[in-house]
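Take a look at the structure below.
The values are calculated or read from the model by the stated rules, or taken from the named source; none is laboratory data. Treat the numbers as computed from the prediction; the structure is a model and nothing was measured. Cβ placement follows ideal geometry from the backbone for every residue including glycine, while neighbour counts extend to all protein chains displayed. Accessible surface is based on the protein model in full, side chains and every heavy atom, while ligands, DNA and RNA are left aside. Shrake-Rupley method; radii C 1.70, N 1.55, O 1.52, S 1.80 Å.
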Amino acid sequence: MGGGPAPHPAHRHLVETEKRALVCACTACSLLFDRPGATTGRYRAVPNRYLTDPDRPLDDGAWELLQIPVGVAFFFCNAALDRLVALYPSPAGATESELDPQTWQSVLGASRLAALLEPDVEALLLHRAEGRTTCHLVPIDVCYELVGRMRLLWQGFDGGAEARAALRTFFEQVERRAKVPAKTTEGVRLP
(Lines give C-alpha, C1' and ligand atoms only; values in the text may rest on other atoms or scores of the structure.)
Protein backbone atom coordinates (compact mmCIF):
# COMPACT_ATOMS: atom_id res chain seq x y z
CA MET A 1 0.00 0.00 0.00
CA GLY A 2 1.37 3.42 -0.94
CA GLY A 3 1.88 5.99 1.75
CA GLY A 4 0.80 9.24 0.18
CA PRO A 5 -1.54 11.01 -2.15
CA ALA A 6 -1.31 9.60 -5.64
CA PRO A 7 -2.70 11.15 -8.79
CA HIS A 8 -5.27 9.01 -10.56
CA PRO A 9 -4.15 9.02 -14.21
CA ALA A 10 -7.14 7.06 -15.54
CA HIS A 11 -9.83 9.10 -13.83
CA ARG A 12 -10.62 12.16 -11.79
CA HIS A 13 -13.02 12.87 -8.99
CA LEU A 14 -16.09 15.05 -8.88
CA VAL A 15 -17.91 16.26 -5.80
CA GLU A 16 -21.65 15.69 -5.83
CA THR A 17 -22.38 18.84 -3.86
CA GLU A 18 -25.87 18.08 -2.51
CA LYS A 19 -24.89 14.66 -1.17
CA ARG A 20 -21.37 15.75 -0.18
CA ALA A 21 -20.02 12.68 -1.96
CA LEU A 22 -17.08 11.94 -4.23
CA VAL A 23 -17.70 10.18 -7.54
CA CYS A 24 -15.29 8.96 -10.18
CA ALA A 25 -15.33 10.31 -13.72
CA CYS A 26 -13.25 9.60 -16.78
CA THR A 27 -10.93 12.42 -17.77
CA ALA A 28 -13.09 13.46 -20.73
CA CYS A 29 -16.26 13.71 -18.63
CA SER A 30 -14.51 15.52 -15.80
CA LEU A 31 -13.39 18.22 -18.23
CA LEU A 32 -17.04 19.23 -18.62
CA PHE A 33 -17.01 20.29 -14.98
CA ASP A 34 -13.52 21.76 -15.02
CA ARG A 35 -14.03 24.83 -17.17
CA PRO A 36 -14.73 28.40 -16.07
CA GLY A 37 -18.36 28.89 -15.11
CA ALA A 38 -18.82 25.26 -14.09
CA THR A 39 -18.64 26.09 -10.39
CA THR A 40 -22.34 25.61 -9.74
CA GLY A 41 -24.61 22.67 -10.27
CA ARG A 42 -24.78 19.13 -9.03
CA TYR A 43 -21.15 18.20 -9.72
CA ARG A 44 -17.86 20.05 -9.37
CA ALA A 45 -14.48 18.80 -10.59
CA VAL A 46 -11.85 18.31 -7.90
CA PRO A 47 -8.77 20.33 -8.91
CA ASN A 48 -5.28 18.95 -8.55
CA ARG A 49 -3.44 21.81 -6.90
CA TYR A 50 -1.35 21.62 -3.75
CA LEU A 51 -0.35 24.89 -2.11
CA THR A 52 1.48 25.93 1.02
CA ASP A 53 2.11 29.26 2.76
CA PRO A 54 5.37 29.12 4.70
CA ASP A 55 4.91 32.79 5.69
CA ARG A 56 1.92 31.88 7.87
CA PRO A 57 2.88 29.21 10.42
CA LEU A 58 0.38 28.19 13.10
CA ASP A 59 1.55 28.17 16.69
CA ASP A 60 0.33 25.98 19.56
CA GLY A 61 -2.11 28.67 20.69
CA ALA A 62 -3.81 28.74 17.30
CA TRP A 63 -4.08 24.94 17.24
CA GLU A 64 -5.62 24.92 20.72
CA LEU A 65 -8.29 27.40 19.60
CA LEU A 66 -9.40 24.93 16.92
CA GLN A 67 -10.11 22.31 19.65
CA ILE A 68 -9.17 19.39 17.42
CA PRO A 69 -8.31 16.35 19.61
CA VAL A 70 -5.83 14.82 17.15
CA GLY A 71 -2.86 16.08 15.11
CA VAL A 72 -4.58 16.16 11.70
CA ALA A 73 -7.65 18.05 10.51
CA PHE A 74 -9.08 19.43 7.30
CA PHE A 75 -11.42 22.30 6.68
CA PHE A 76 -13.56 23.03 3.65
CA CYS A 77 -16.34 25.42 2.71
CA ASN A 78 -19.63 23.60 2.14
CA ALA A 79 -21.51 25.76 -0.37
CA ALA A 80 -24.87 24.01 0.16
CA LEU A 81 -24.77 24.61 3.92
CA ASP A 82 -23.02 27.97 3.50
CA ARG A 83 -20.58 27.17 6.28
CA LEU A 84 -17.15 25.83 7.04
CA VAL A 85 -16.84 22.13 7.91
CA ALA A 86 -14.01 20.83 10.09
CA LEU A 87 -13.17 17.12 9.99
CA TYR A 88 -10.43 14.88 11.32
CA PRO A 89 -9.51 11.24 10.66
CA SER A 90 -10.49 8.66 13.26
CA PRO A 91 -10.80 4.87 13.42
CA ALA A 92 -14.51 5.37 12.59
CA GLY A 93 -13.81 7.51 9.50
CA ALA A 94 -14.10 11.28 9.06
CA THR A 95 -15.29 12.87 12.31
CA GLU A 96 -16.86 16.32 12.18
CA SER A 97 -15.83 18.90 14.73
CA GLU A 98 -17.95 21.91 15.61
CA LEU A 99 -16.05 25.05 14.74
CA ASP A 100 -17.10 28.52 15.72
CA PRO A 101 -16.90 30.83 12.66
CA GLN A 102 -15.05 33.47 14.70
CA THR A 103 -12.41 30.91 15.67
CA TRP A 104 -11.94 29.98 12.01
CA GLN A 105 -11.61 33.63 11.10
CA SER A 106 -9.02 34.36 13.79
CA VAL A 107 -6.91 31.25 13.12
CA LEU A 108 -7.10 30.69 9.35
CA GLY A 109 -9.67 33.00 7.78
CA ALA A 110 -7.29 35.80 6.87
CA SER A 111 -4.63 33.51 5.39
CA ARG A 112 -3.67 33.49 1.72
CA LEU A 113 -4.63 29.84 1.43
CA ALA A 114 -8.11 30.45 2.89
CA ALA A 115 -8.64 33.18 0.30
CA LEU A 116 -7.75 30.74 -2.50
CA LEU A 117 -9.86 27.83 -1.18
CA GLU A 118 -12.47 26.61 -3.69
CA PRO A 119 -15.74 25.63 -1.97
CA ASP A 120 -16.58 21.91 -1.81
CA VAL A 121 -13.58 20.69 -3.83
CA GLU A 122 -10.52 21.85 -1.86
CA ALA A 123 -9.59 21.82 1.80
CA LEU A 124 -7.06 23.30 4.15
CA LEU A 125 -5.21 20.30 5.57
CA LEU A 126 -3.48 20.89 8.90
CA HIS A 127 -0.89 18.59 10.45
CA ARG A 128 0.54 19.10 13.90
CA ALA A 129 3.71 17.12 14.63
CA GLU A 130 6.97 17.62 16.45
CA GLY A 131 6.06 21.06 17.77
CA ARG A 132 4.94 22.62 14.49
CA THR A 133 1.74 22.84 12.49
CA THR A 134 1.73 22.88 8.71
CA CYS A 135 -1.16 24.02 6.54
CA HIS A 136 -1.70 23.03 2.92
CA LEU A 137 -4.44 23.69 0.42
CA VAL A 138 -5.17 20.29 -1.17
CA PRO A 139 -7.81 18.55 -3.29
CA ILE A 140 -10.68 17.35 -1.07
CA ASP A 141 -10.34 13.76 -2.33
CA VAL A 142 -6.83 13.62 -0.88
CA CYS A 143 -8.27 14.34 2.57
CA TYR A 144 -10.74 11.49 2.30
CA GLU A 145 -7.99 9.24 0.97
CA LEU A 146 -6.08 10.00 4.17
CA VAL A 147 -9.18 9.28 6.29
CA GLY A 148 -9.61 5.92 4.56
CA ARG A 149 -5.98 5.01 4.97
CA MET A 150 -6.03 5.84 8.68
CA ARG A 151 -9.22 3.87 9.18
CA LEU A 152 -7.72 0.86 7.42
CA LEU A 153 -4.38 0.94 9.25
CA TRP A 154 -5.44 2.16 12.71
CA GLN A 155 -4.60 -0.16 15.60
CA GLY A 156 -4.98 0.37 19.31
CA PHE A 157 -5.29 3.72 21.05
CA ASP A 158 -2.62 5.70 19.19
CA GLY A 159 -2.96 4.19 15.71
CA GLY A 160 0.09 2.00 15.81
CA ALA A 161 3.42 2.12 14.01
CA GLU A 162 2.03 1.32 10.55
CA ALA A 163 -0.54 4.15 10.68
CA ARG A 164 2.05 6.62 11.97
CA ALA A 165 4.48 5.64 9.19
CA ALA A 166 1.75 6.02 6.53
CA LEU A 167 0.81 9.43 7.96
CA ARG A 168 4.44 10.57 7.86
CA THR A 169 4.86 9.38 4.25
CA PHE A 170 1.56 10.98 3.24
CA PHE A 171 2.60 14.40 4.53
CA GLU A 172 6.09 14.11 3.02
CA GLN A 173 4.43 13.65 -0.37
CA VAL A 174 2.05 16.56 0.22
CA GLU A 175 5.07 18.74 1.12
CA ARG A 176 6.85 17.72 -2.10
CA ARG A 177 3.83 18.51 -4.28
CA ALA A 178 2.94 21.81 -2.62
CA LYS A 179 3.82 25.10 -4.28
CA VAL A 180 3.84 28.57 -2.77
CA PRO A 181 1.06 30.63 -4.40
CA ALA A 182 2.03 33.80 -6.21
CA LYS A 183 1.40 36.91 -4.17
CA THR A 184 -1.26 39.23 -5.51
CA THR A 185 -2.14 42.85 -4.92
CA GLU A 186 -5.68 43.88 -5.85
CA GLY A 187 -5.96 41.14 -8.47
CA VAL A 188 -2.50 41.70 -10.00
CA ARG A 189 -0.08 38.78 -9.69
CA LEU A 190 3.35 39.63 -8.41
CA PRO A 191 6.43 37.58 -9.37
Conditions (1) at pLDDT below 90; (2) touching a strand residue (DSSP E or B) at 6+ places or on another chain (Cβ under 7 Å); (3) among the aromatic types (Phe, Trp, Tyr); number of the one not met by Phe171: (1)
Hey, Val107 buried (at least 17 other Cβ atoms within 10 Å of the Cβ), in contact (Cβ under 8 Å) with a residue 40 or more places away in the chain, closer than 22 Å to Leu146 by Cα and aliphatic (A, V, I, L, M) or not: no
Condition test on Tyr88, is it at negative phi, modelled with pLDDT of 90 or more, open to solvent by less than 20 Å² (accessible area, probe 1.4 Å) and aromatic (Phe, Trp, Tyr)? no
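For the stretch 87-191, which fully contained strands (runs of 3 or more DSSP E) count at least 3 residues that are within 27 Å of Arg44 (Cα to Cα) and among the hydroxyl-bearing types (Ser, Thr, Tyr)?
Hits in the stretch 87-191: none.
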Close pairs (8 angstrom Cβ cut-off, 6 or more residues apart or separate chains): within 18 Å of Ala92 (Cβ to Cβ) in the stretch 156-169, in a helix (DSSP H, G or I) and open to solvent by 40 Å² or more (accessible area, probe 1.4 Å) anywhere: Asp158/Arg164
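For the stretch 74-85, how many residues are touching a strand residue (DSSP E or B) at 6+ places or on another chain (Cβ under 9 Å), surrounded by fewer than 20 Cβ atoms within 10 Å (Cβ to Cβ) and of a type in the set (A, V, I, L, M, F, W, C)? Don't jump to the end; show me each part of the working.
Here is the first cut: in the stretch 74-85, the residues touching a strand residue (DSSP E or B) at 6+ places or on another chain (Cβ under 9 Å) are 74-79, 83-85.
Next, from what is left, pick out any that are surrounded by fewer than 20 Cβ atoms within 10 Å (Cβ to Cβ): 77-79, 83, 85.
Within this subset, residues satisfying the condition of being of a type in the set (A, V, I, L, M, F, W, C) are 77, 79, 85.
Count: 3.
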